[in-house]
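Q: Sharing a structure, written as structure tokens. Questions coming.
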Amino acid sequence: MATEKSVTDEQGEQVQFESQVRKGAALMALAGIAFVGYGVVFLVLNFVGSGFELGVSTLAGMTAADLDPTVAYYISHLHVATAAFIISTGIAVAGLSWYGVRQGRTWAWATAIVSAVVGLALALPMHWTGDAFAHDWVTHLGPIYLATIIFIVGVVLSYRGVQTT
């Protein structure tokens, strides 16, 4: 009898862990898709928006049209490259989360975290290191902060389940 109860308890606990992994992985993948969406918006606004980033309308009171054309093109070039890396990181995070973390693969969980953290840890602090340009932090960084919160919830939710599989 005692053995049956402990086996039943272990099976129930395993199901709970697997459920946490699936939910956490889904949130991590959703955040990855949100990163892709942010990168796409970043890319599109480069060509049809102000010529600057999301939430940035001018630099030192100048629009993109006011800049030297070579400088404006260089800024556009950097925006396209940045958007590409945001999109590719989002694809990696979503794929690792959906196909690896959901199966309880610790390597996929860790790789998804490292991929997101490296990008965020390098990019976000620069936005708070001076007043070189004004940006509306809600539209400029709000979507990434929201996606990051969703990602962190997914990481935490899936942690115990990934560790037990």
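Q: Being at pLDDT 95 or above, surrounded by 15 or more Cβ atoms within 10 Å (Cβ to Cβ) and not charged (D, E, K, R): is that true of residue 97 here?
A: yes
Q: Please state which one of 87, 113, 33, 75 is closer than 12 Å to residue 155 by Cα, of a type in the set (Val, Ile, Thr) and assigned to a helix (DSSP H, G or I).
A: Only one candidate qualifies: 113.
Q: While we're on this one: For the stretch 34-49, what are the residues that are out of contact with any helix residue (DSSP H, G or I) (no Cβ under 6 Å at 6 or more places or on another chain) and either of a type in the set (Lys, Arg) or within 16 Å of residue 78 (Cα to Cα) (or both)?
A: Listed by number, the residues that qualify are 40, 41, 44, 45, 47, 48, 49.
Q: Pairs under 6 Å by beta carbon, first residue more than 17 Å from residue 151 (Cβ to Cβ) in the stretch 69-95, partner surrounded by 15 or more Cβ atoms within 10 Å (Cβ to Cβ) and of a type in the set (A, V, I, L, M, F, W, C), six or more apart or different chains?
A: Pairs found: 72/64; 83/42; 83/43.
Q: So residue 90 ticks every box in (1) out of contact with any strand residue (DSSP E or B) (no Cβ under 9 Å at 6 or more places or on another chain); (2) modelled with pLDDT under 95 but one. Which box is left unticked?
A: (2)
Q: State all residues of the stretch 43-73 that are at pLDDT 90 or above and among the hydroxyl-bearing types (Ser, Thr, Tyr); if no residue qualifies, say none.
A: Within the stretch 43-73, 70 is the sole residue that qualifies.
Q: A further question on this structure: Any chance the stretch 66-86 includes a residue that's of a type in the set (D, E, K, R) and surrounded by fewer than 14 Cβ atoms within 10 Å (Cβ to Cβ)?
A: Checked against the condition, which is being of a type in the set (D, E, K, R) and surrounded by fewer than 14 Cβ atoms within 10 Å (Cβ to Cβ), the stretch 66-86 yields at least one hit.
Q: Looking at (1) of a type in the set (D, E, K, R); (2) over 20 Å from the mean Cα position of the chain (by Cα); (3) under 15 Å from residue 144 (Cα atoms), which is the only condition residue 53 fails?
A: (2)
Q: When you look at residue 93, is it of a type in the set (Val, Ile, Thr), within 14 Å of residue 28 (Cα to Cα) and touching a helix residue (DSSP H, G or I) at 6+ places or on another chain (Cβ under 6 Å), yes or no?
A: So residue 93 fits the description; yes.
Q: Please specify each residue of the stretch 76-90 satisfying the condition of being touching a Gly at 6+ places or on another chain (Cβ under 7 Å) and β-branched (Val, Ile, Thr).
A: Matches in the stretch 76-90: 86, 87, 89.
The values are calculated or read from the model by the stated rules, or taken from the named source; none is laboratory data. This one's a predicted model, so the numbers in the text were calculated from it and none came from an experiment. So basically every Cβ, Gly included, is an ideal-geometry build from the backbone, and we count neighbours across all protein chains shown.
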